[in-house]
1. Tell me yes or no: at least one residue of region 163-175 is over 30 Å from Phe31 (Cβ atoms), at pLDDT 85 or above, in contact with a strand residue (DSSP E or B) (Cβ under 7 Å, 6 or more places away or on another chain) and among the acidic types (Asp, Glu).
2. Every residue in region 129-153 that is of a type in the set (A, V, I, L, M) and open to solvent by 80 Å² or more (accessible area, probe 1.4 Å), please.
3. Which pairs have Cβ atoms under 9 Å, sit 6 or more apart or on different chains, and link a residue in region 90-116 that is closer than 26 Å to Asp41 by Cβ and assigned to a helix (DSSP H, G or I) to one that is open to solvent by 50 Å² or more (accessible area, probe 1.4 Å) and aromatic (Phe, Trp, Tyr)?
4. Looking at region 1-58, which of its residues are in a loop (DSSP other than H, G, I, E, B) and closer than 21 Å to Arg111 by Cβ?
5. Looking only at residues in region 61-119 that are at pLDDT 85 or above and open to solvent by 90 Å² or more (accessible area, probe 1.4 Å), which one is farthest from Asp17 (Cα to Cα)?
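The values are calculated or read from the model by the stated rules, or taken from the named source; none is laboratory data. All of these numbers come straight from a predicted model, not from anything done at the bench. Quick reminder, even Gly has a Cβ in these numbers, built from the backbone with ideal geometry, and neighbours come from all protein chains shown. Accessible surface areas use protein heavy atoms only, side chains included; no ligands, DNA or RNA. Shrake-Rupley method; radii C 1.70, N 1.55, O 1.52, S 1.80 Å.
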Amino acid sequence: MASISSSPRTVEEIFKDYTARRAGLVRALTFDVDNFYSQCDPEKENLCLYGHPNELWEVTLPAEEVPPELPEPALGINFARDGMQRKDWLSLVAVHSDCWLLSVSFYFGARLNRNERDENYGDEEDEHGETICGTCGGTYNSDEFWIGCDICERWYHGKCVKITPAKAESIKHYKCPSCCTKKGRQQ
């Protein structure tokens, strides 16, 4: 089955696969719509619209044997064509194609293990590795409580600004000492 022949192994590859397949489907339903419409003859057998990872599309019979966890596109898109106006039929095919496309992406995503899902996002230490405390200049450490200012977006050790995790729970919008001082000067 050529429609799901690619095997993306990272989140980025899955997104590229999704984007390319979607481009193929969009092309079939817009630029190549007359060709697509003519291929969906209601006199033919059950047909499916596939978007491929090379940005092409194809109208073909469904695969004969598909593992149950592998998503299939909507079957028989050509049968509904006779009883519907062209615009309505194309909208119906588009909705079913979107559902299939999302299913394919979720299928690929479900096959990733935790490391493959998270490897490109880094862990919390990497994300905050360059964060420094606005008061003492110390670097981020996940073992310490930190709080971010909602005005200037600087981060602070809780102990440097005398805020405990319990006290932070009751603060809707934290304003650091520097921003509190600046507002006082402006009034």
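1. Checked against the condition, which is being over 30 Å from Phe31 (Cβ atoms), at pLDDT 85 or above, in contact with a strand residue (DSSP E or B) (Cβ under 7 Å, 6 or more places away or on another chain) and among the acidic types (Asp, Glu), region 163-175 yields no hits at all.
2. Scanning region 129-153 gives Ile132, Ile151.
3. Partner pairs satisfying both residue conditions: Leu90/Tyr37; Leu101/Tyr18; Val104/Tyr18.
4. Result: Met1, Ser5, Ser6, Ser7, Pro8, Arg9, Thr10, His52, Pro53, Asn54.
5. So the residue we want is Gln85.
One line per residue, one yes/no per condition, for (1) under 18 Å from Leu101 (Cβ atoms); (2) of a type in the set (Val, Ile, Thr); (3) more than 21 Å from the chain's Cα centre (by Cα):
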{"residue": "Tyr18", "(1), (2), (3)": "yes, no, no"}
{"residue": "Leu25", "(1), (2), (3)": "yes, no, no"}
{"residue": "Ala28", "(1), (2), (3)": "yes, no, yes"}
{"residue": "Asp32", "(1), (2), (3)": "yes, no, yes"}
{"residue": "Phe36", "(1), (2), (3)": "yes, no, yes"}
{"residue": "Glu43", "(1), (2), (3)": "no, no, yes"}
{"residue": "Leu47", "(1), (2), (3)": "yes, no, yes"}
{"residue": "Pro53", "(1), (2), (3)": "yes, no, no"}
{"residue": "Trp57", "(1), (2), (3)": "yes, no, yes"}
